[in-house]
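Report on the structure given below.
The values are calculated or read from the model by the stated rules, or taken from the named source; none is laboratory data. Note that this is a predicted model, so its numbers are computed, not measured. All Cβ positions, even for glycine, are placed from backbone atoms using ideal geometry, and neighbour counts span all protein chains on display.
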Amino acid sequence: MVKRSGVTRKVSLSVNGEDLAMLKKRAKRLHGGNVSALFADLIAEIKRREAWERALAWLGPPIQMGEEERNAIDRELLGGVTSKGARRRHVA
């Protein structure tokens with residue numbers, strides 16, 4: 001990984017030995033042992049989760065609808081429901 005002078009900051013982090021071993025193992029598997037790159041992935045995931053939570057807060061609670069309403073929407077979007085015995089005509 002290319003060192004990005006002036007862009008990154010060094011921090012100190014305390015974790016228990018078992019967690020550190022797991023982090024190093026994952027960093028080795030995904031980033032050639034680069035723990036900083038692993039933390040960059042974790043931070044990106046946190047940013048995605050935060051954005052998702054902001055979107056949910058902006059959109060409001062989920063719409064509650066019954067089976068009948070769902071079926072009506074499906075029929076409108078899918079152009080109606082075909083009968084179980086519908087067959088295609090084959091032209092000879």
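Just a few scattered comments:
- Residues satisfying the stated conditions in the stretch 65-92, i.e. outside any helix (DSSP H, G or I) and modelled with pLDDT of 90 or more: M65, G66
- Hey, A40 within 18 Å of the chain's Cα centre (by Cα) and exposed (fewer than 10 other Cβ atoms within 10 Å of the Cβ) or not: no
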